[in-house]
1. Only bridges whose two residues both fall in the chain count here: according to DSSP, what percent of them are antiparallel, nearest 5?
2. List the GluC sites (Glu not before Pro) within segment 40-135 that fall in a DSSP loop (any state other than H, G, I, E or B) and whose Cβ has at most 14 other Cβ atoms within 10 Å.
3. What size of dipole, in debye to the nearest 20, comes out for the chain about its Cα centre when the only charges are +1 on Lys and Arg C-beta atoms and -1 on Asp and Glu C-beta atoms?
4. By average Cβ neighbour count within 10 Å, what is the ranking of 33-41, 19-27 from highest down?
5. Of Ala25, Phe55, Ser132, whose Cα points farthest to the positive end of the dipole of segment 9-146 (charges on the beta-carbon: +1 Lys, Arg; -1 Asp, Glu; origin at the Cα centre)?
6. Once the other residues with Cβ under 13 Å from the Cβ of Asn22 are scored (Lys, Arg +1; Asp, Glu -1), what is the net sum?
7. Among Ala118, Ala85, Ser65, flag the residue with its Cα farthest along the positive direction of the charge dipole of segment 9-146, charges on Cβ as +1 for Lys/Arg and -1 for Asp/Glu.
8. What is the distance, in nm, between label points placed 7 Å from the Cα along the Cα-to-Cβ direction at Glu135 and at Arg33?
Amino acid sequence: MSIQHYLDVGQLPHFDPDLADNPPAIVVALRERIGRVDGILISCPEYARGIPGSFKNALDWLVASHEFPGKPVALFNASPRASHAQAALRLVLDTMSANLVESASITVNLLAKEMGEAEIAVDPQIRRQIVSALEAFKGWIDEKSRVPEKQPVDV
Ligand SMILES: Cc1cc2nc3c(=O)[nH]c(=O)nc-3n(C[C@H](O)[C@H](O)[C@H](O)COP(=O)(O)O)c2cc1C
């Protein structure tokens, strides 16, 4: 399994529906990247009981894309307190026809712990949670790719 970080959320221009069919190059690149991956892991904080505007902006650029609908998505929530943003994300992702994989979506308690990546990776409980969620995500994707597409019915 290979995991790539998408680092350009903050570089995306604000969503403009007039450009949705002919978007800026950075949006084209994001959509192409989404098209190439088997699944998307979203780890998004909660701001003022909602999805941070910058992240919702990124999702808005993907609403009219061909690449996003049907894509397997797992939510990695880092704060047990942040339930509102997770609920809002679920609603938005459902509206965008994502395939939300619940068995791969977890809440890891990192609230106020100030742990770095290295500490998170060796913490036995957190490590177990993350590894089993990644395995569930991979298993779900592998299983899905084995299911043949429904054939059109002859009438
Ligand atoms: C502007 C702002 C608003 C926030 N609003 C909420 C909130 O409504 N609910 C919540 O659980 N956490 C809220 N937080 C906390 C963040 O979700 C997050 O836990 C905190 O920024 C720590 O993240 P970090 O470890 O990446 O810095 C807010 C943080 C900021 C900066």
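1. Working: 1 of 8 bridges.
Antiparallel bridges make up about 10 percent of those DSSP assigns within the chain.
2. Working: sites: Glu46, Glu67, Glu102, Glu114, Glu117, Glu119, Glu135; in loops: Glu46, Glu67, Glu114.
Sparse-neighbourhood loop GluC sites (Glu not before Pro): Glu114.
3. Details: 15 positive and 20 negative charges, 77 e Å.
With Lys and Arg at +1 and Asp and Glu at -1, about 380 debye.
4. Details: 33-41: 15.6, 19-27: 12.8.
Per-residue Cβ counts within 10 Å, averaged per peptide and sorted highest first, yield 33-41, 19-27.
5. Ser132
6. Numbers: positive: Arg31; negative: Asp16, Asp18, Asp21.
Summing Lys and Arg as +1 and Asp and Glu as -1 gives -2.
7. Ala118
8. My value for the distance between the label points is 2.9 nm.
Quick note: the coordinates plus some simple rules give every number you see, no bench work behind them. Note that this is a predicted model, so its numbers are computed, not measured. Neighbour counts are summed over all protein chains in view; Cβ atoms, including those assigned to glycine, are modelled from backbone coordinates with ideal geometry.
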